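To start, the structure under review is shown below, and the notes come after it.
The values are calculated or read from the model by the stated rules, or taken from the named source; none is laboratory data. Nothing here was measured: the structure is a model prediction, and the numbers come from that model. Positions of Cβ are generated from backbone atoms using ideal geometry, with glycine treated the same way; all protein chains shown enter the neighbour counts.
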Amino acid sequence: MSAHEPGLMAPVVDTSTVNRSFGTRVSDAMSGGFRVFPVVIALIAIWLIFYSQNPAYLSPENLGNLSLQIVTTAMLALGVIFVLIVGEIDLSGAALGAVCATLSAQVAVNMGQPIWIALAAGILAGMAIAGLEALIIIFGVPSLITTLGGMTAMLGLLLVVLPEEFSISLGGNPYEQIAATQIPASLSIVLAIVASIIYAVGRWAAQRRSISDVSMMRRAVFPSVVVAVVVIGVVTVVSDSSGLALPVALLILMLVVASYFLTQTRYGSHLFAVGGSRQAAARAGIPVGRMIFFSFLILGACAALAGIVEASRLLMVSPSSGTGSLMLDAIAAAVVGGTSLFGGRGTAWAALLGALVIGSINNGVELLGLSTEVQNFATAGVLILAVAIDVILTRGRLLPRRL
Amino acid sequence: MADLVTITGLTKFYGGVRALSHVDLNLNRGEVVALVGDNGAGKSTLVKLLAGTERADAGEIRVDGSVVKMESSRSAVALGIHTVYQDLSLCDNLDAVRNLFLGQEEISGIWTGRRLRRADMEAETHRILGSLSVKLRSLNTPVGRLSGGQRQGIAICRALVTNPKLVLLDEPTAALGITQRAEVLALIRRLKDQNCGVMVISHDLRDVQAVADRVVVLRLGEKVAEFSAGQYTSQDLVGAITGAHETAAGGAA
């Protein structure tokens, strides 16, 4: 990204980068591989502030707690990211997740079916309902309205699918094992090492024959080392006390699959193209409507999994499931992590990073016993700052043009 | 040499309005044909028919001697006719490589996860950009950050991924500054040197005089004149476009 980098092709008519202002340089740098830097810096700052107030904040126990607290937000945020990438938005995911959790609880508890049938039923229901929303959006109703209506409809549907006593207790059912299962620390560290090696080999294979002007060091070695340190480090710390919780492992698996899909496959590329320019994508032969439909199917599956994990953690489903701050937290997480509200930009890892930022604030405020308004102000500030950064990236300069 | 594309009696109605009326035209490899005319002359209609986005009501289009049916823009691309639209149809959020291969990505086999063959596509992009001397600082920069001339270059290079026989350029210099315009005109000449047929739709008569081997003038849906390079003056051209003195036209009226 830097102007001093020896390029593969010498700029001859490259008028766009002559006399670049400081704002343009910042915006250029951040649109590239440095996009995550401000988020990571914000995260470290948040951690240091809370750690200085109470050293227990960064204890393995609390980090384990934090990882469990952010799982549902991150899962839903991952689904929201797919929808944001194609240039739509979703407000119904949390309520949809509650409906799916209730359906699967009905299947598991009241119908006595095996847990895997209950899970499949919940996930399929999520995909079907989100797919229906997508059809309405493709028909032409804006996604903001469709999913706003969808959210209200889901809260109504929740009352319909709940039994007469309006709640299902999940205690004593295999359902509770979803959140309660711990993968032993030794096994989880081995898994983390294997995952890091697979990532490094994949990076190396992809870059081996590249003629790109970005060196092997920057495109393969550096990211591989960062990923290995982060993954192995996080898993070691988080699983230190009692092992790695199954939902956390599931989240990591979902992120890896989603990241591969978005960056390495043709369909991932087409999702970004649809978010960048619908007309250009259509003229290139990409089925725009089908890609939007597809992104909502993924949202439906992610929302269902988030709802199921949440229900298993709380050991019950009730009319209040899916009504809290989960939906707004998930959207905030997606955006804070670096996904554009304007479509066409984002990564799967934004779900994790953003959920970590939001979750770290919530966790710290609770730990220090601060009042709720501090938490609200801090979350709001981080969210607006993140969107401001996104605006700068979208227009390619720091300050607005004079009109 | 046989004509690359031969158009005979092409006619298109929009409701009761005749947008294009019995137009005959032939296009050859290694030749730049400019299509000029006032607003409503039928230039865009002719482009749409050749690009496959609209269907003709009468007349035929032959490619390499055989009559073809233009069902969609895909069938036009399959026949080797590629259109570069005025708005370029690029995805600003994607880099040059992804834009060039948009909708026609190269992927690996099923055993290696059907991943994008990024390295191959980068090499091919580098080759194609090089063949038209389009200079980029980096293949990884989103094209929204590039200059107008570079973006036009990428849009034209995108046509070359499929080895086209004919490239249609709709107002390629419309929004460009002087240096970038010269760059795009040079690009058109290089396209011609690669033995592509090129048809340029333009309002700018300076551009037309600078690159076209032949100029076809449309007025009110009809072909009113055809000039060969060097055998017309600006006044002839303006006259044919506005209909001031049709008798001065050298070609078929």
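Look at the stretch B:11-43 and say how many of its residues are closer than 12 Å to B:GLY221 by Cβ, assigned to a strand (DSSP E or B) and of a type outside the set (D, E, K, R).
Qualifying residue count, the stretch B:11-43: 9.
Which one of these is over 17 Å from the mean Cα position of the chain (by Cα) and within 14 Å of chain B (Cβ to nearest Cβ): A:SER224, A:SER242, A:SER259, A:SER269?
That would be A:SER269, the only listed residue that is over 17 Å from the mean Cα position of the chain (by Cα) and within 14 Å of chain B (Cβ to nearest Cβ).
Considering only the stretch A:285-299, I want to know if a residue exists there that is β-branched (Val, Ile, Thr), touching a residue at least 60 places away in the same chain (Cβ under 8 Å), more than 10 Å from chain B (Cβ to nearest Cβ) and within 30 Å of A:SER188 (Cα to Cα).
Yes, because at least one residue in the stretch A:285-299 is β-branched (Val, Ile, Thr), touching a residue at least 60 places away in the same chain (Cβ under 8 Å), more than 10 Å from chain B (Cβ to nearest Cβ) and within 30 Å of A:SER188 (Cα to Cα).
Out of the stretch A:188-205, which residues are more than 24 Å from the chain's Cα centre (by Cα) and either without any contact (Cβ under 8 Å) to a residue 12 or more places away in the chain or under 20 Å from A:GLY322 (Cβ atoms) (or both)?
A:VAL190, A:VAL201, A:ALA205
Condition check ((1) touching an Asp or Glu at 6+ places or on another chain (Cβ under 7 Å); (2) within 8 Å of chain A (Cβ to nearest Cβ); (3) in a loop (DSSP other than H, G, I, E, B)) across all residues:
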{"position": "B:ASN140", "(1), (2), (3)": "yes, yes, yes"}
{"position": "B:GLY144", "(1), (2), (3)": "yes, yes, no"}
{"position": "B:GLY149", "(1), (2), (3)": "yes, yes, no"}
{"position": "B:ILE156", "(1), (2), (3)": "no, no, no"}
{"position": "B:THR162", "(1), (2), (3)": "no, no, yes"}
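Kindly establish whether A:ARG278 is surrounded by fewer than 24 Cβ atoms within 10 Å (Cβ to Cβ), modelled with pLDDT of 90 or more and basic (Lys, Arg).
yes
So which of A:GLY338, A:GLY369 is more than 16 Å from A:ALA45 (Cα to Cα), within 19 Å of the chain's Cα centre (by Cα) and not hydrophobic (A, V, I, L, M, F, W, C)?
None of the other options fit; the residue is A:GLY338.
Could you list, in sequence order, all residues of the stretch B:121-138 that are farther than 15 Å from B:GLN152 by Cα and within 8 Å of another protein chain (Cβ to nearest Cβ)?
Within the stretch B:121-138, B:GLU122, B:ALA123, B:HIS126, B:ARG137, B:SER138 qualify.
If a residue must be surrounded by 19 or more Cβ atoms within 10 Å (Cβ to Cβ) and either assigned to a loop (DSSP other than H, G, I, E, B) or of a type in the set (A, V, I, L, M, F, W, C) (or both), how many such residues does the stretch A:108-122 contain?
5
Of these, A:SER360, A:SER340, which one is of a type outside the set (A, V, I, L, M) and at pLDDT 90 or above?
Going through A:SER360, A:SER340 in turn, the sole match is A:SER360.
Count, please, the residues in the stretch B:44-53 that happen to be part of a loop (DSSP other than H, G, I, E, B) and surrounded by 22 or more Cβ atoms within 10 Å (Cβ to Cβ).
Matching residues across the stretch B:44-53 total 1.
Just checking, which of B:LEU146, B:LEU166 is among the hydrophobic types (A, V, I, L, M, F, W, C) and either within 25 Å of B:LEU49 (Cβ to Cβ) or surrounded by fewer than 23 Cβ atoms within 10 Å (Cβ to Cβ) (or both)?
B:LEU166 is the lone residue from the list that is among the hydrophobic types (A, V, I, L, M, F, W, C) and either within 25 Å of B:LEU49 (Cβ to Cβ) or surrounded by fewer than 23 Cβ atoms within 10 Å (Cβ to Cβ) (or both).
Only residues that are in a strand (DSSP E or B) and either within 10 Å of chain A (Cβ to nearest Cβ) or under 15 Å from B:SER147 (Cα atoms) (or both): list them for the stretch B:73-100, please.
B:THR83, B:ASP95
Within the bounds of the stretch A:73-81, is there any residue that is closer than 16 Å to A:THR339 by Cβ, modelled with pLDDT of 95 or more, out of contact with any Gly (no Cβ under 6 Å at 6 or more places or on another chain) and not in a helix (DSSP H, G or I)?
No: the stretch A:73-81 contains no residue that is closer than 16 Å to A:THR339 by Cβ, modelled with pLDDT of 95 or more, out of contact with any Gly (no Cβ under 6 Å at 6 or more places or on another chain) and not in a helix (DSSP H, G or I).
Kindly indicate the residue of the stretch B:76-98 that is surrounded by 20 or more Cβ atoms within 10 Å (Cβ to Cβ) and over 16 Å from the mean Cα position of the chain (by Cα) and also farthest from B:LYS165 (Cα to Cα) among those meeting that condition.
Applying the filter and picking the extreme gives B:ASN93.
Identify all residues within the stretch B:18-43 that are over 15 Å from B:ARG214 (Cβ atoms), touching a residue at least 24 places away in the same chain (Cβ under 8 Å) and surrounded by fewer than 21 Cβ atoms within 10 Å (Cβ to Cβ); write none if there are none.
Residues satisfying the conditions are B:ARG18, B:SER21, B:HIS22, B:ASP38, B:GLY40.
Which condition from (1) more than 8 Å from chain B (Cβ to nearest Cβ); (2) under 13 Å from B:ASN93 (Cβ atoms) is the one that A:ILE252 breaks?
Among (1) more than 8 Å from chain B (Cβ to nearest Cβ); (2) under 13 Å from B:ASN93 (Cβ atoms), the lone unmet condition for A:ILE252 is (2).
Considering (1) modelled with pLDDT of 70 or more; (2) more than 23 Å from the chain's Cα centre (by Cα); (3) surrounded by 14 or more Cβ atoms within 10 Å (Cβ to Cβ), say which one A:VAL26 fails and leave the rest.
Of (1) modelled with pLDDT of 70 or more; (2) more than 23 Å from the chain's Cα centre (by Cα); (3) surrounded by 14 or more Cβ atoms within 10 Å (Cβ to Cβ), only one is false for A:VAL26: (1).
In the stretch B:124-138, how many residues are buried (at least 16 other Cβ atoms within 10 Å of the Cβ) and part of a helix (DSSP H, G or I)?
5
Can you run down the residue pairs with Cβ atoms below 7 Å, 6 or more apart or on separate chains, where the first is in the stretch B:202-224 and closer than 22 Å to B:LEU191 by Cβ and touching a residue at least 40 places away in the same chain (Cβ under 8 Å) and the partner is buried (at least 22 other Cβ atoms within 10 Å of the Cβ) and among the basic types (Lys, Arg)?
B:VAL216/B:LYS223
So is A:GLY381 surrounded by fewer than 13 Cβ atoms within 10 Å (Cβ to Cβ) and not β-branched (Val, Ile, Thr) or not?
yes
In the stretch B:177-194, what residues are surrounded by fewer than 17 Cβ atoms within 10 Å (Cβ to Cβ), closer than 14 Å to B:ALA159 by Cβ and either under 13 Å from the mean Cα position of the chain (by Cα) or touching a residue at least 60 places away in the same chain (Cβ under 8 Å) (or both)?
Across the stretch B:177-194, the qualifying residue is only B:GLN194.
Of all residues being facing chain A (nearest Cβ under 7 Å) and among the charged types (D, E, K, R) in the stretch B:102-120, which is surrounded by the fewest Cβ atoms within 10 Å (Cβ to Cβ)? Just the residue, please.
B:ARG114
Quick one: which helices (runs of 4 or more DSSP H) sit completely within the stretch A:267-382 and have at least 3 residues that are touching an Asp or Glu at 6+ places or on another chain (Cβ under 7 Å) and under 27 Å from A:PHE139 (Cβ atoms)?
Qualifying helices (runs of 4 or more DSSP H): A:288-314.
Is there a residue being within 14 Å of chain A (Cβ to nearest Cβ), more than 18 Å from B:LYS165 (Cβ to Cβ) and out of contact with any His (no Cβ under 9 Å at 6 or more places or on another chain) anywhere in the stretch B:34-45?
No, that holds for no residue.
Looking only at the stretch B:64-75, which residues are surrounded by fewer than 20 Cβ atoms within 10 Å (Cβ to Cβ) and either of a type outside the set (D, E, K, R) or touching a residue at least 24 places away in the same chain (Cβ under 8 Å) (or both)?
Correct list: B:ASP64, B:GLY65, B:SER66, B:VAL67, B:VAL68, B:SER72, B:SER73, B:SER75.
Looking at B:GLY153, B:GLY197, which is the one that is crowded, with 21+ Cβ neighbours inside 10 Å, on the phi < 0 side of the Ramachandran plot and touching a strand residue (DSSP E or B) at 6+ places or on another chain (Cβ under 8 Å)?
B:GLY197 is the lone residue from the list that is crowded, with 21+ Cβ neighbours inside 10 Å, on the phi < 0 side of the Ramachandran plot and touching a strand residue (DSSP E or B) at 6+ places or on another chain (Cβ under 8 Å).
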